[in-house]
Amino acid sequence: MNKLILLILSAVIFLNPLSVDLSQAERLRRPRALPLPIRIATKVGGEMVEYRLKKAIIQKSVNYAMRKLQNRFARMDADTLEVITQSGLRFVTDPRTPQGHRLLHVLDHFVPSPGKATHSIYRIDPSKFLKIADDAWMKRGKPVVQKMRDNSTRDMYEIDTGQKLGTLGERTLVFITEPGTSKIITMFPKL
């Protein structure tokens, strides 16, 4: 499982034609996760070039992740980079997440993150991840609405999958979505 994230990390660094601006302390805090946030240093070309380069890196990373996840259970829109599973779960690009894409953010839960106080870790075969998520999503009930500090809201679903998902024996899969949609903000295993 850690190999998946490490290979995505390699793809991100290898595919970046410019520099990845990370401090030494940040690299030490996140030794096995993606190098986040990715800041592309452009000397010429301005903001649009930076966006195109970042989008290309995200696209290659998501394509690679989809191959490793054996994407029989999802498809990706080449223009928007949106990943849609069979049950309708939607993983989209999102500039608010350091990874740039919600699927890459969710995959961060396959490796430890020593810099976070709480960070559950999946202990499942990555090739079964989207199938397990789809099966759980089909069992969802009504969401619990979470109010955020900025007065926005998110929907939260906690679904017992009936199988061990995490390294601590977690059996519940938590979905946090944008209100009233199936757009994933994050997903993680919970006791």
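The values are calculated or read from the model by the stated rules, or taken from the named source; none is laboratory data. Since we're looking at a predicted model, the values are computed, not measured. Neighbour counts are summed over all protein chains in view; Cβ atoms, including those assigned to glycine, are modelled from backbone coordinates with ideal geometry.
In the stretch 125-138, the residues that are more than 9 Å from PHE73 (Cα to Cα) reach residues that are polar (S, T, N, Q) with C-beta atoms within less than 6 angstrom, at least six apart or across chains, in these pairs: SER127/GLN70; ALA136/THR161; TRP137/SER87; MET138/SER87. Would you tally the residues in the stretch 177-191 being assigned to a loop (DSSP other than H, G, I, E, B) and farther than 23 Å from THR93 by Cα? Matching residues across the stretch 177-191 total 1. Filtering the stretch 125-134 to residues that are farther than 21 Å from PRO179 by Cβ and surrounded by 17 or more Cβ atoms within 10 Å (Cβ to Cβ) leaves PRO126, PHE129, LEU130, LYS131, ILE132. When LEU168 is tested against (1) in contact with a His (Cβ under 8 Å, 6 or more places away or on another chain); (2) surrounded by fewer than 19 Cβ atoms within 10 Å (Cβ to Cβ); (3) of a type in the set (A, V, I, L, M), exactly one condition is not met: (1). Inspect the stretch 95-109 for any residue being out of contact with any Asp or Glu (no Cβ under 9 Å at 6 or more places or on another chain) and surrounded by fewer than 12 Cβ atoms within 10 Å (Cβ to Cβ) and give the result as yes or no. Yes; the residues of the stretch 95-109 include at least one that is out of contact with any Asp or Glu (no Cβ under 9 Å at 6 or more places or on another chain) and surrounded by fewer than 12 Cβ atoms within 10 Å (Cβ to Cβ).
The strands (runs of 3 or more DSSP E) found wholly in the stretch 57-176 and carrying at least 1 residues that are under 17 Å from MET187 (Cβ atoms) and among the β-branched types (Val, Ile, Thr) occupy 83-85, 144-147, 153-160. The single condition among (1) within 16 Å of the chain's Cα centre (by Cα); (2) modelled with pLDDT under 90 that ILE132 does not meet is (2).
Regarding the stretch 107-116, can at least one residue be identified that is without any contact (Cβ under 8 Å) to a residue 60 or more places away in the chain, acidic (Asp, Glu) and within 20 Å of VAL83 (Cα to Cα)? The answer is no; no qualifying residue exists.
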